[in-house]
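Just below is one structure, and these are the notes that go with it.
The values are calculated or read from the model by the stated rules, or taken from the named source; none is laboratory data. What you are looking at is a predicted structure, and each value in this text was computed from that prediction instead of being measured. Because the Cβ atoms are built from the backbone with ideal geometry, glycine has one as well, and the counts that use them run over all protein chains shown. Keep in mind that these areas ignore ligands, DNA and RNA; they rest on the heavy atoms of the full protein, side chains included. Shrake-Rupley method; radii C 1.70, N 1.55, O 1.52, S 1.80 Å.
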Amino acid sequence: MISTTPGLDRGALVEWYRRNRERSANLFALIDEHAFLQRPIPLRHPFVFYEGHLPAFSFLTLNERALGEAPLDPALERLFERGIDPGSVDVARAHQRSDWPARSEIERFGRACDERVVAALEGARLVDPSVPRLVRGQSAYNILEHEQMHHETLTYIIHQLDYAHKGRISQEHYDHTPPDNPMRQVAAGIAHLGADPDAIVFGWDNEFDAVALDVPAFSMSRFPVTNDDWLRFVNAGGPVPAFWVERDGEFFLRGVFEELPLPRSWPVYVSHDQAAAYAAWTGMRLPSEAEFHRAAYGTPDGRDRIYPWGDAAPNAMHGNFDFERFDPEPVDAHPAGASAWEIEDLVGNGWEWTSTVFGPFPGFEPMASYPQYSADFFDGRHYVMKGASPVTARELIRPSFRNWFYSDYPYMYAKFRCVA
Ligand SMILES: [Fe+2]
């Protein structure tokens with residue numbers, strides 16, 4: 001599959017880190033100064049936490065814990081060490097505090113962390129097979145992908161912030177009559193989930209080991225479920241998605257920076273429970289993680305592709321991801337991203353819900369550089385999502401990458417499709 005890099009390209013890692021920091025700064029710059037203590041999603045920390053968390057996590061993970069360097073500021077490092085994913089607003093209240101440091105202090109701390117992290121990426125021993133946190137350079141990749149995942153989290157929290165309290169990035173929106181959505185046949189075959197540690201440069205612990213699963217034939221819709229489809233469900237008594245706003249009997253979409261007349265051809269973003277309810281209403285069901293793999297990466301001749309469209313590196317032609325835009329596009333906007341079964345929009349334009357409860361693959365071991373990353377969520381209450389959203393970085397787009405959320409969490413950029 002993806003080739004192994006024997007040595008690390010330090011220049012590329014430093015460039016990646018700086019690009020991440022710049023994107024973080026641009027996202028924080030969208031938030032009005034006085035809104036930094038707000039928590040538009042009560043199940044998450046206020047914005048101020050994330051501004052400290054990103055550099056603190058990188059410094060703690062790479063410099064302090066992997067390389068054994070001395071701390072910079074133990075109190076701030078502890079304060080900003082970890083995010084939250086409580087199961088309820090009540091539990092979230094226990095994490096509330098009012099004594100966050102001044103923003104200028106957090107920014108100073110962040111710059112100090114950045115300096116040390118960049119120095120380590122430039123000169124420290126990042127790969128050491130005898131140090132668990134440095135096996136295959138995992139701590140370096142860990143901090144780089146961690147920040148990119150937070151770009152997505154940060155964006156969907158900013159999304160819920162009042163328009164009056166944030167800046168605006170203007171982008172053109174496209175909508176048209178939704179396309180016909182026929183079912184496509186996917187032949188029985190083997191789904192390859194996870195990865196062999198030797199086959200990819202970096203993966204999170206939940207991506208290992210590789211596992212092959214027999215999947216019977218099934219059919220899947222060519223496109224994900226659209227807002228237009230969902231409107232029919234609402235008219236039949238279905239729930240209204242969290243991203244919709246109702247006014248005078250009409251529905252609008254709450255975009256990241258502006259409200260829009262409901263774009264009929266865009267995928268609908270809903271929770272896992274809502275998606276499952278829709279599937280049941282149509283007499284179908286959500287795909288399993290293995291079925292998603294078959295639909296996205298399998299081919300009629302049995303050879304797996306790296307991406308739905310083939311082995312070419314992801315680019316803007318293949319799908320809506322990597323911050324090309326903030327909001328979705330029509331579900332048929334990227335025919336070049338179609339899989340071997342002519343199923344479209346599988347990677348990009350919103351993660352896709354699966355019916356699979358998030359759990360370990362055989363051979364799972366918590367990763368040394370971030371042992372809680374996955375293990376804390378093997379609770380039977382989180383479901384696997386695959387693919388990518390408009391604000392998923394291209395580095396995270398690999399077949400083995402798995403995302404997961406509570407089944408009733410409604411703020412994710414997650415779409416779905418039905419299988420039969
Ligand atoms: Fe984090």
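With all protein chains present, how much of the accessible area of the chain (probe radius 1.4 Å) comes from carbon and sulfur, to the nearest whole percent?
It is 51 percent, rounded to a whole number.
How large is Rg/Rh for segment 1-83, to two decimals, with Cα atoms and a Kirkwood Rh?
1.06
Using the per-residue mean of other Cβ atoms lying within 10 Å as a proxy for protection, in what order, highest first, do the peptides 108-116, 272-280 fall? Walk me through the numbers before you get to the answer.
Details: 108-116: 18.0, 272-280: 20.1.
Descending packing order for the listed peptides: 272-280, 108-116.
To the nearest Å, what is the center-to-center distance of segment 47-68 and segment 174-209, using C-alpha atoms only?
31
Summing +1 for each Lys or Arg and -1 for each Asp or Glu, what net charge is found among the other residues whose Cβ lies under 13 Å from the Cβ of V270?
Result for the neighbourhood of V270: -2.
Take every DSSP beta bridge whose two residues both sit in the chain, then give the antiparallel share in percent to the nearest 5. Write down the numbers at each step before the final one.
On the way: 30 of 32 bridges.
The antiparallel fraction comes to roughly 95 percent.
Please compute the Kirkwood hydrodynamic radius of segment 104-238 from all pairs of different C-alpha atoms, in Å with one decimal.
Kirkwood radius, segment 104-238: 20.8 Å.
About the Cα centre of the chain, how large is the charge dipole given +1 on each Lys and Arg Cβ and -1 on each Asp and Glu Cβ? Please answer in debye to the nearest 20.
It works out to roughly 240 debye.
Over the alpha-carbon set of segment 220-356, work out the extent along each principal axis and list the three values in angstrom, largest first.
So the three principal-axis extents are 52, 34, 20 Å.
Give me the distance between the Cα centres of segment 285-339 and segment 98-119, rounded to whole Å.
Spelled out, the Cα-based centre of one part sits 38 Å from the other.
Among DSSP beta bridges lying fully in segment 287-420, give the percent that are antiparallel, nearest 5.
85
What's the long-distance tail for segment 155-229, i.e. % of Cα pairs beyond 21 Å?
So the pairs more than 21 Å apart make up 65 percent of the total in segment 155-229.
Can you work out the accessible area per residue across segment 26-178, with the rest of the protein chains kept in place, probe 1.4 Å, in square angstrom?
Averaged over the residues of segment 26-178, the accessible area is 44 Å².
Eigenvalues of the Cα gyration tensor times 5, then square-rooted: what semi-axes does that give for segment 219-273, in whole angstrom, largest first?
Rounded to whole Å, the semi-axes are 19, 14, 10.
What 222 nm value per residue comes from the helices of the chain, counting each DSSP H run with n ≥ 4 as -39,500 (n - 2.57) and dividing by all residues, nearest 500 deg cm²/dmol?
Taking each H run of at least 4 residues, the total per residue is -8500 deg cm²/dmol.
Using the Cα gyration tensor of segment 108-157, with a ≥ b ≥ c the square roots of its eigenvalues, what is the shape: rounded (a/c below 1.5), prolate (a/b larger than b/c) or oblate (neither)?
Oblate, since a/c reaches 1.5 and b/c is not below a/b.
Assuming 0.36 nm per residue, please report the length gained on full extension of the stretch D214 to A199 beyond their Cα-Cα distance.
Extra length from D214 to A199 when fully extended: 3.3 nm.
Quote the charge dipole size of segment 188-347 about the Cα centre in Debye, to the nearest 20; the model charges only the Cβ of Lys and Arg (+1) and of Asp and Glu (-1).
Charge dipole, segment 188-347, about its Cα centre: 460 debye, nearest 20.
Assuming a viscosity of 0.692 mPa s and a temperature of 37 °C, what translational diffusion coefficient in µm² per second does Stokes-Einstein assign to the chain, Rh being the Kirkwood radius over Cα pairs?
148
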